[in-house]
Each structure stands twice: as C-alpha cells, then as structure tokens.
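Here is the structure we will look at.
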Amino acid sequence: MVNFVEAQKPLLKRLMRMAGLRPIDVEIEPGTTMHVWVPKHHVSKKTGTISPVEHGDGEKTGAARRGGRKKSPESRPNVVLIHGFAAEGIVTWQFNFGVLVSRYNLYIPDLLFFGKSTTASADRSPELQARCVAAALARLGVARCDVVGFSYGGMVAFKLAETRPDLVRSLAVSGSVVAMTDAVNSATMARLGATSSTELLMPETLKGLKTLLSISMYKKMWFPDRFYKDYLKAMFNNRKERMELLQGLITSNMDAKIPTFQQKIMLIWGEEDKIFDIELAKKMKEQLGDGCFLHGIPKAGHLLHVERPCAYNRQLQRFLTYVNSQPQEDEEAAASGS
C-alpha cells in the first residue's frame, strides 16, 4: 500500500532539482556521512560527485553592490537551512526554499540520523551536529554563510554560530533556545503535560502524533488516520538514535551560559507557539543583547514556517537582505571576533 507521506518526496526532489539544487553525500570522516542538497555548480555532471568550487563568502563588491552586472551563482551569498526534529531538510523547508533559491546559494543538510545522514560515532550532542555541518560546508568551499534554524535545528545553529563565528555571518532562528537546560525542559514538559521530550517528540501511537501536531500548530487541522499512520512510518525512523539525540540536548542549569555572539540574530516566532512561547523568546532576546531582533507572527504556532509561510518568508528575506547589505569592513571585524 502506498505511503502518502513518502509519496510526496519524489515530487519534492523534482522541485528541488528544477530549482537548481542537487543531493550529495559528504563524507565527514570514516563512518560519518552527511546528506546535503546543494547548488548544482557543486556537482560534477560527469561523476555526480562534489566538484570543487571556491566561492568564499558571497560578498558583494563593486558593480554587484551598485546594481551592476549580474553575479554568477558562485558569488551569491550562502544560506544554510537546518531542519527540526520531526522531518528531514527538504520536508521541513518545502514552503520556504523557493523564495530564496534565485538570490542565494542554498545548502539544506540532513542532520545525523535524519534522511540519509549517518554516523558510527557514539556522540549525540548538538556540538557534533554543528561540527559536521561546518565540515560539510568546508568540503564544499563555503567560507561564510547565513544560517537559518528551526527548533532542534535552531539549537544546532546557535552552537555553530558560537563555535564558528568565522563561518556564520548571521542567524535566523524560530521555535528554539540557545541551550535546553534542565529548567527549560522541565517547565516546557510540565506546561504541555508530557513526562519527557521523548514522549512528546517521538510518538509511537496515533494519539501521540495527533497530540504533537495539535500543540505544534495554531490552527486546528483535520487529517484522516491514514495520514497519521503513514507519517509515523515515514518520519520516525532511527528511533533509538533520535531518542539519544534528545537526551544529548539536556544541559545542566549549572553548566548553562549564554554565549556572546558576534553575529546579528533574528528570532522569528509564532506568537501562539505552545512549545517555546513568545515570552521565552522575549527573554532570550534580552539575554542575547542589542544584536538580536525579535519578530512575532500572529496566528502561528511552533510550525510557523508551515502554517504561515508567506509571513515567515517575508521576514526572513528582509533579514537576509539587511545582513548582506552590511559594509564589508563590519563583516570582516565580526568574523575575526574584534
């Protein structure tokens, strides 16, 4: 019997190819491979493998800044889209990549244990995910990029920005936190009536999946039970490893510190987010300082980029335009940490 959730993936892949993106597997180290959708100029037409392209940071210079001759694809700014916990990259960003692909070099990785990305390492921390994303980008010749993260992917994005300020120019994050501390985890689970993040985010039953989707969205949407059954089969593979990823997220309150980020940060939030509510986002903005901005989207929950993609896309595009219009001297200072 056809799995309707799996059946949409060939269509999504076709749309990605039509947009000029290609899938590749990047070997990070023996036993660790990250699957990434990349601009087609990275892929050799003859072999289908990585074609070395050095296109640096996508800085605008000379005529390009003044609206002169059109930039080649290699010189466009680089944008990395990092998915959340419920689905791999192309499923998560299916309503968002299309508005970005003509202006930016898009990179859409599948984090480890999602899609085709795997590792033999026992490490399940967001630090490992961030290191692997950075290593994959290095293999592709990306020296500077803007990073967009959703939920779990937002935590990976924060870690990537913290550890690699030379790589990450800016961050746009939704439905996430800098670090999942004991306190934040306990308060979130208590508010949602769940005993653990594993119970909430890794449902095994139709009831559990319906509960997860109902708290993730502002609008109450009806789907037939067949859809939920197909979703459970299609999206929650590597169950053991993903449970370990959730356990690897939790940080002791004593060890938790808010890093000083060099980058501009945009928090794009669903005002009706029940998992990480808007008040948490406001507190996080205060903690992150003057370089952080918050934009709330009304009538949107945790899955705001799915519920209200047009509003989300508009704000994301505004932010990316802003950070990519900053003077090159400021970028160089931020990259060096000065």
Pairs of Cα atoms under 8 Å, at least six residues apart: use those to get the relative contact order of the stretch 167-243, whole percent.
-> 24
Listed residues 227, 158, 261; largest mean-square fluctuation, Gaussian network over the chain with Cα springs below 10 Å, found at 227
Which distance in nm do the two modelled labels at residue 214 and residue 247 give, with both placed 7 Å along the Cα-to-Cβ direction?
-> 3.0
Rounded to two decimals, what ratio of Rg to Rh does the stretch 145-241 give with C-alpha atoms and a Kirkwood Rh?
-> 1.03
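What is the percent carbon and sulfur in the accessible area of the chain, measuring with a 1.4 Å probe over the protein chains and ignoring ligands? Mind showing how you got there, number by number?
Numbers: 8360 of 15580 Å².
Its accessible area is 54 percent carbon and sulfur atoms.
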Pairs of Cα atoms under 8 Å, at least six residues apart: use those to get the relative contact order of the chain, whole percent.
-> 17
Using alpha carbon positions and the Kirkwood radius, the Rg to Rh ratio of the stretch 1-44 is 1.10
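Using Cα pairs closer than 8 Å and at least 6 residues apart in sequence, work out the relative contact order for the stretch 221-314, in percent. Please list the in-between numbers first.
Details: 79 pairs, mean separation 23.0, N = 94.
For the stretch 221-314, the relative contact order is 24 percent.
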Protection proxy ranking of 14-22, 170-178, 301-309 - average other beta-carbon atoms within 10 Å, highest first | 170-178, 301-309, 14-22
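The values are calculated or read from the model by the stated rules, or taken from the named source; none is laboratory data. Since the model is a prediction, treat every value here as computed from it, not as a measurement. Note: ideal-geometry Cβ built from the backbone for every residue, glycine included; neighbour counts use all protein chains shown. For the accessible areas, the whole protein counts, side chains as well, though only heavy atoms, and no ligand, DNA or RNA atoms are used. Shrake-Rupley method; radii C 1.70, N 1.55, O 1.52, S 1.80 Å.
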